């Protein structure tokens, strides 16, 4: 199925009839078909391990921890919209939305890709995305719910941001990690039919009511999990372009780095094999939408753990999480001077790993 879609996309591109979204989809399909993987990093041009953009309007946004180490920019940059629902000027991690817009267009001009997640506040309690004190939140924002009007305002603000990008194609990954229960839209916090209604309402509002045609939609539960569970809250083929999953390495109590790496790699390989099967069945691209190992204590994590786990998996991209400028131990990509940076250089030089 995906091969057919790749050929169809190429024909559209060659005919000059393809939209920017169709061209991006065809590119990602071609990348996966060639067995190559785009590497991505969250918030890469906004800050790094020991630096922060403070004047984004005049800054050229060319600094990057990944580039400082490898000499190249990540092929994918991730941003988060958390805070836009409140009308804030910056997201939950302090990144200005103006910077995101500028950096998105610059990344696309380089030939890269941008993906957006969203950690919105809890509209029922006023808490953050991790406030799971009520299991009535999703119900409250769906049509007929007490917070539905407020939720529509939130979607209006998100739509305005995406519209400000023009026809620039970007990935939108809302309501992620939905089979865990650490977000208010998670597995134990709403019924399956409520979650599906939430995703589909978001898709309908942005694509049908607001007319946004530049979004590639990614459905990305936490993993690993079996195919039937992955699909248990799947919103439908009509509103999904990519199947993703979020898996991080977390060593257990008393677990050695080697054992933790082997377990994580096995989990990733198994989950991506499941995605490959589902992607073929549903005609969807697949990706490892979030991953990483905080602080990178394993000196060979990139070449000895991550690369063997994703090689030949059929994913079009992998994204590691952010390098916080204000939390020294909270980083997921190397930075200049990091003791194990050479391992990342070797990873970045692999023929099937793509940076810009």
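The values are calculated or read from the model by the stated rules, or taken from the named source; none is laboratory data. Every value quoted in this text rests on a predicted model; they were computed, and no experiment measured them. Cβ atoms come from the backbone with ideal geometry, glycine included; neighbour counts cover every protein chain shown.
State yes or no: is residue 54 outside any loop (DSSP other than H, G, I, E, B) and modelled with pLDDT of 95 or more?
Taking the combined requirement at face value, the residue does not satisfy it.
How many of the residues in the stretch 61-93 are more than 18 Å from the chain's Cα centre (by Cα) and more than 27 Å from residue 347 (Cβ to Cβ)?
6
Suppose the filter is closer than 30 Å to residue 297 by Cβ, surrounded by fewer than 21 Cβ atoms within 10 Å (Cβ to Cβ) and modelled with pLDDT of 95 or more; does residue 234 pass it?
no
What's the number of the only condition in (1) more than 16 Å from the chain's Cα centre (by Cα); (2) in a helix (DSSP H, G or I) that residue 275 fails to meet?
Only one criterion in (1) more than 16 Å from the chain's Cα centre (by Cα); (2) in a helix (DSSP H, G or I) is unmet by residue 275, namely (1).
For residues that are under 16 Å from residue 227 (Cβ atoms) and in contact with a strand residue (DSSP E or B) (Cβ under 9 Å, 6 or more places away or on another chain), tally how many sit in the stretch 261-275.
6
Could you grab me the full set of residues in the stretch 284-312 that are farther than 26 Å from residue 50 by Cβ, in contact with a helix residue (DSSP H, G or I) (Cβ under 7 Å, 6 or more places away or on another chain) and either exposed (fewer than 15 other Cβ atoms within 10 Å of the Cβ) or not assigned by TED's automatic domain parsing to the domain that holds residue 270 (or both)?
308
Check 220, 256 and return the single one that is surrounded by 21 or more Cβ atoms within 10 Å (Cβ to Cβ) and out of contact with any helix residue (DSSP H, G or I) (no Cβ under 6 Å at 6 or more places or on another chain).
Every option except 220 fails the conditions.
Please go through the stretch 160-172 and pick out each residue that is in contact (Cβ under 8 Å) with a residue 60 or more places away in the chain and more than 18 Å from residue 27 (Cβ to Cβ).
161, 164
Find the residue count for the stretch 304-356, including only residues that are touching a strand residue (DSSP E or B) at 6+ places or on another chain (Cβ under 8 Å), closer than 23 Å to residue 257 by Cβ and outside any loop (DSSP other than H, G, I, E, B).
Residues that pass the stated criteria total 9.
Tell me, yes or no, whether the stretch 73-80 has at least one residue that is surrounded by fewer than 21 Cβ atoms within 10 Å (Cβ to Cβ) and not in a strand (DSSP E or B).
No, every residue in the stretch 73-80 fails to be surrounded by fewer than 21 Cβ atoms within 10 Å (Cβ to Cβ) and not in a strand (DSSP E or B).
Give the stretch 155-198 a look and list any residue that's surrounded by fewer than 19 Cβ atoms within 10 Å (Cβ to Cβ) and at positive phi, or say none.
Correct list: 166 only.
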